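The values are calculated or read from the model by the stated rules, or taken from the named source; none is laboratory data. The structure presented is a predicted model; accordingly, all values stated were derived computationally and were not measured. Methodologically, a virtual Cβ is constructed for each residue, glycine included, from the backbone with ideal geometry; neighbour enumeration extends over all protein chains shown.
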Amino acid sequence: MLLSCKEATALIEKKAVFPLTFKEKCRLYVHVKMCVVCNLYRHQSQTIEKALSKWINFEGSPEERLPAEKKAQILEKIKED
Ligand SMILES: [Zn+2]
């Protein structure tokens, strides 16, 4: 019933692209509640995902590009975790 860390991280990656089933969500939830490492992994994965989608979906003018300050904040956040 319990997920291994390998399975948990695979679900975390899957979640970024596809919606998880109810069962997968429950299993992942239980795992990250107990496993500090996977919880951190999930956190980093979300931070990276957010940053990437912002850059990938970028269509504005150069002035609207992610400011250096914001970029530094994201990197800091990643390091924090
Ligand atoms: Zn784990």
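Restricting to the stretch 14-50, what's the tally of residues that are within 12 Å of the ligand (Cβ to nearest atom) and among the aliphatic types (A, V, I, L, M)?
Summing the residues that are within 12 Å of the ligand (Cβ to nearest atom) and among the aliphatic types (A, V, I, L, M) in the stretch 14-50 gives 7.
What are the pairs with Cβ atoms under 9 angstrom where one residue, in the stretch 1-21, is farther than 20 Å from residue 36 by Cβ and the other, located anywhere, is of a type in the set (S, T, N, Q) and within 14 Å of the ligand (Cβ to nearest atom)? Sequence gap at least six, or different chains.
Qualifying pairs under 9 Å: 16/45.
Could you list, in sequence order, all residues of the stretch 1-31 that are among the β-branched types (Val, Ile, Thr) and touching a Leu at 6+ places or on another chain (Cβ under 9 Å)? Walk me through how you get there before you give the answer.
The first filter runs over the stretch 1-31 and keeps only residues among the β-branched types (Val, Ile, Thr), leaving 9, 12, 17, 21, 30.
Within the stretch 1-31, 12, 30 meet the criteria.
Go through the stretch 19-45 and report how many residues are in a loop (DSSP other than H, G, I, E, B) and either among the hydrophobic types (A, V, I, L, M, F, W, C) or in contact with a His (Cβ under 8 Å, 6 or more places away or on another chain) (or both).
Residues meeting the conditions: 2.
Cβ-Cβ below 9 Å, separation at least six or inter-chain, first residue in the stretch 35-55 and among the acidic types (Asp, Glu), second more than 16 Å from the ligand (Cβ to nearest atom): which pairs?
49/16
Inspect all residues belonging to the stretch 42-52 and state whether any of them is at pLDDT below 95, surrounded by fewer than 12 Cβ atoms within 10 Å (Cβ to Cβ) and small (Gly, Ala, Ser).
no
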